[in-house]
Amino acid sequence: MREPATEPGDPQEIVSLEIRVSGRVQGVGFRYFAHEAARRLGVVGYVMNLRTGGVRAYLEGPRGALGEFLRQMEKGPAGSCVRETQSHWGPATGQYSFFSIERTT
């Protein structure tokens, strides 16, 4: 299920976004692509590979920046083939101060 890249609201409002990406997204530099996108957009959180073959990202930051991050994840890096993205918007927790690449779960 795909939700709109941005939901209505103030683009500067600080919110969270969880994204799950499936397709050919492991072994193609997807996590590093996500890390660089997060750095450029100034958002915090993490990205990780999943044992199911997908990638999961959790981010917090301005709604507009997270919407742009989601659009980039829907395309993916060269060599990837994104089949599906699932996203869920929510309130920010404030528990992250940087963006990291986490271990596979």
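None of the figures in this text is laboratory data; all of them are computed from the coordinates on show. Here the structure is a predicted model, which means the values were calculated and not measured. Don't worry about glycine lacking a Cβ; one is built from the backbone with ideal geometry, like all the others, and counts go over all protein chains shown.
Using a simple spin-label model with pseudo-atoms 7 Å out from Cα toward Cβ, residue 12 and residue 105 lie 3.3 nm apart. Springs between alpha-carbon pairs under 10 angstrom, Gaussian network model over the chain: which of 26, 72, 95 fluctuates most? Of the options given, 95 has the highest mean-square fluctuation. Packing, taken as the mean count of other beta carbons within 10 Å per residue, orders the peptides 31-40, 10-19, 77-86, 54-63 from highest to lowest as 54-63, 31-40, 10-19, 77-86. Measuring spread by the Cα atoms of the chain yields a radius of gyration and Dmax of 12.5, 36 Å. Stretched out straight at 0.36 nm per residue, the stretch from residue 86 to residue 52 would grow longer than its current Cα-Cα span by 10.8 nm. For the chain, the longest principal axis of the alpha carbon atoms and the long axis of helix 30-41 meet at an angle near 20°.
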